[in-house]
Amino acid sequence: MTGFSVMKYLNFLLALPFLGLLWTPLYNRHDPVLWGFPFFYWYQFAWVPVTSVLIWIVWKKGQST
Amino acid sequence: MNTINPWALGVFVFFFAATIVVGSSIQWIRGLFHAKRDTNSHEEWSLGGREFGPWVTWFLVGGDFYTAYTVIAVPALVYAAGAYGFFALPYTIIVYPFIFLVMPKLWKLARAGGHATAADIVKARFNSRALEVVIALTGLVAVMPYIALQLIGIRTVVQALGLPGDLPLIIAFISLAAYTWLGGLHAPALTAFIKDIMIYIAVLVAVTVIPLHTGGYSALFATAAHADTVLKTGQGLPYATLALSSALAAFLYPHTLTGILASRSADTIKQNAVFLPAYTIVLGLIAMLGFMAHAAGINTTNTSMVVPLLFQSVFPAWFAGFCLAAIAVGALVPAAVMAIGAANLVTNNLLPAQANPVRASRITAFIVKIGALICVLFLNAQFAIDFQLLGGVFILQTFPALILGLLRVRFSAAAMLTGWAVGTVFGVGMCWMDGLKPIHPINLGLFSGNISTGLLSLVINIAMVALVSVMAPAKQDIPAKTTA
């Protein structure tokens, strides 16, 4: 039963990419520049591995419960 | 038009033709090894026997999700509109949490009930033939502009090779028709490997070599003078809403759902949600080609030509030929899956009980491609990407029935039908009035701006579903799985 409630909270991790990417004022900036990429671009690129890891966490935890 | 380079054309023809031949003969080759199995059965042709593991699913889902949309349409929009064209990046990120949460549930329902299409699932859930027909028809119509986008992709590269007049479109159409007719779903599943390897080679070389020509990525953003590097005022809202509506629509299409339902298990889907974002990095880098084209001095009004022209100006002829073949194969494979997905709707839901379902599917797939051809010829969209967004407006109207239908709350078929009808009429009406633009201006006093037409019509749709449900609640005594 505890495993089930942990799962419920874990699923909220999956809401993070939505919040981080759909609220454009959060990242619609030129600076700081990283390796020549304005913030606008590398911030969004960075969400790709972050999202993968978040889904992976929820997936693995879901299997073990 | 530019003159034909024999090296570019030769390499292109070799790779493009090889893909079609390999894909088309796969059914025949499988027949040699699996003598017991009926390789001509309908489940084989349409769902690959529902046996695809993690790897094949990764290539198949990735293969029909990353299409001419990625390699032609997105860079074209970035070239013309700058940062705004990047909405494809958040779209192809947030789609994966959505897949992870929703699609395993849908897969289990489909497996338990033996469903092959969205309309099958909806019919079982709501026990309504009318709703089934409506969902199937929507899938059929929505996929046509999406295939049209793929035809434009193939046409564009053949044009770039220097072939004149209507010949590029004719070649695009015939190659697609032959490939689908002969291969069934096994053709794209196998050739998706070839497609992805070719695309990866082309893109990785492009994103490393081209910036070297133009002075690195920092110079790229410095020289991209008329392509703005961040969103302009008022672009934030359409950027976010287009990303969201595209993500919600992405896996409602008959072809993307086919890829999901053809997987072996619900866990295969979850695993793929973890690893499919690898494609998104590639998509983002391809989008950068739109900026690189400015830096390389490409100047064209036909924005779809941006990437082919860029490849031809920077690469030696033989490698440009290879890259163009990669784009063409990258359009061909998903277009075939789209046509097959649409064909399944007709044989399963619109005209069931066929004496020869494989033949019926083949013929339907062909008719769907004719519909796509008509879209190319008669719909005058400003950007190729608008075709995909137009399909999205249609397909999003199936979201309530398919996805909200998974919830424990019970909605009636009447509520879903009303929502669909009102949403579709509004969505299509707005698109028509806005001149096929995918965003619609709204003004609610404090809140005004451009919003994705698809998302707007989906909101109207859901509001209608809620309204009808409150006025005439669904009967609670119907068990969850009535006709499984």
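The values are calculated or read from the model by the stated rules, or taken from the named source; none is laboratory data. These figures come from a predicted structure and were not determined experimentally. When we count neighbours, we look across all protein chains shown, and the Cβ atoms used for this are built from the backbone with ideal geometry, even at glycine. In case anyone asks, the SASA skips ligands and DNA or RNA and just uses the protein heavy atoms, side chains included. Shrake-Rupley method; radii C 1.70, N 1.55, O 1.52, S 1.80 Å.
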Select, from A:17, A:25, the only residue that is surrounded by fewer than 16 Cβ atoms within 10 Å (Cβ to Cβ), touching a helix residue (DSSP H, G or I) at 6+ places or on another chain (Cβ under 8 Å) and at the interface with chain B (Cβ under 7 Å from one of its Cβ atoms). A:25
Does residue B:196 satisfy being open to solvent by 30 Å² or more (accessible area, probe 1.4 Å) and among the acidic types (Asp, Glu)? no
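Each row is one residue, and each column tells you yes or no for (1) farther than 24 Å from residue A:11 by Cα; (2) within 14 Å of chain A (Cβ to nearest Cβ).
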position	(1), (2)
B:79	yes, no
B:84	yes, yes
B:100	no, yes
B:110	no, no
B:116	yes, no
Scanning region B:139-168 for residues that are open to solvent by less than 10 Å² (accessible area, probe 1.4 Å) and polar (S, T, N, Q), which turns out nearest to the chain's Cα centre (by Cα)? B:150
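Go through B:219, B:240, B:296 for me and flag whichever is modelled with pLDDT under 80 and within 11 Å of chain A (Cβ to nearest Cβ).
Numbers: B:240 fails: modelled with pLDDT under 80; B:296 fails: within 11 Å of chain A (Cβ to nearest Cβ).
Step by step, each of B:219, B:240, B:296 is checked, and only B:219 is modelled with pLDDT under 80 and within 11 Å of chain A (Cβ to nearest Cβ).
Yes/no per residue for (1) open to solvent by 10 Å² or more (accessible area, probe 1.4 Å); (2) under 16 Å from the mean Cα position of the chain (by Cα); (3) among the polar types (S, T, N, Q); (4) within 14 Å of chain A (Cβ to nearest Cβ):
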{"position": "B:268", "(1), (2), (3), (4)": "no, no, yes, yes"}
{"position": "B:291", "(1), (2), (3), (4)": "no, no, no, yes"}
{"position": "B:300", "(1), (2), (3), (4)": "yes, no, yes, no"}
{"position": "B:330", "(1), (2), (3), (4)": "no, yes, no, no"}
{"position": "B:339", "(1), (2), (3), (4)": "no, yes, no, no"}
{"position": "B:359", "(1), (2), (3), (4)": "yes, no, no, no"}
{"position": "B:369", "(1), (2), (3), (4)": "no, yes, no, no"}
Within region B:418-436, considering residues that are assigned to a helix (DSSP H, G or I) and out of contact with any helix residue (DSSP H, G or I) (no Cβ under 6 Å at 6 or more places or on another chain), the one most open to solvent (accessible area, probe 1.4 Å): B:432
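Is there a residue in region B:249-257 that is away from chain A (no Cβ under 14 Å) and open to solvent by 10 Å² or more (accessible area, probe 1.4 Å)?
Step one: of region B:249-257, the residues away from chain A (no Cβ under 14 Å) are B:249-257.
Narrowing further to those that are open to solvent by 10 Å² or more (accessible area, probe 1.4 Å): B:254.
Yes.
Do you know which of the residues in region A:49-58 that are surrounded by fewer than 18 Cβ atoms within 10 Å (Cβ to Cβ) and at the interface with another protein chain (Cβ under 8 Å from one of its Cβ atoms) is farthest from the chain's Cα centre (by Cα)?
First, pick out the residues of region A:49-58 that are surrounded by fewer than 18 Cβ atoms within 10 Å (Cβ to Cβ): A:49-50, A:53, A:56-57.
Cutting the leftovers down to at the interface with another protein chain (Cβ under 8 Å from one of its Cβ atoms) gives us A:49, A:56.
Working: A:49: 8, A:56: 11 Å.
My answer is A:56.
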Which numbered condition trips up residue B:402, out of (1) open to solvent by 50 Å² or more (accessible area, probe 1.4 Å); (2) modelled with pLDDT under 85; (3) in contact with a Leu (Cβ under 9 Å, 6 or more places away or on another chain)? (1)
When the residues of region A:28-48 are filtered to those that are farther than 14 Å from residue B:84 by Cα and assigned to a helix (DSSP H, G or I), which remaining residue is most open to solvent (accessible area, probe 1.4 Å)? A:42
So residue B:311, is it within 28 Å of residue B:297 (Cβ to Cβ), in contact with a Cys (Cβ under 6 Å, 6 or more places away or on another chain) and either at pLDDT 80 or above or open to solvent by less than 10 Å² (accessible area, probe 1.4 Å) (or both): yes
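For the structure I just gave you, tell me whether residue B:409 is modelled with pLDDT under 85 and buried (at least 24 other Cβ atoms within 10 Å of the Cβ). Working first, answer last.
Numbers: modelled with pLDDT under 85: yes; buried (at least 24 other Cβ atoms within 10 Å of the Cβ): no.
When the stated conditions are applied, residue B:409 does not pass them.
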Which fully enclosed helices (runs of 4 or more DSSP H) of region B:63-182 have 3 or more residues being more than 30 Å from residue A:27 (Cβ to Cβ) and touching a residue at least 60 places away in the same chain (Cβ under 8 Å)? B:88-113, B:118-126, B:129-160
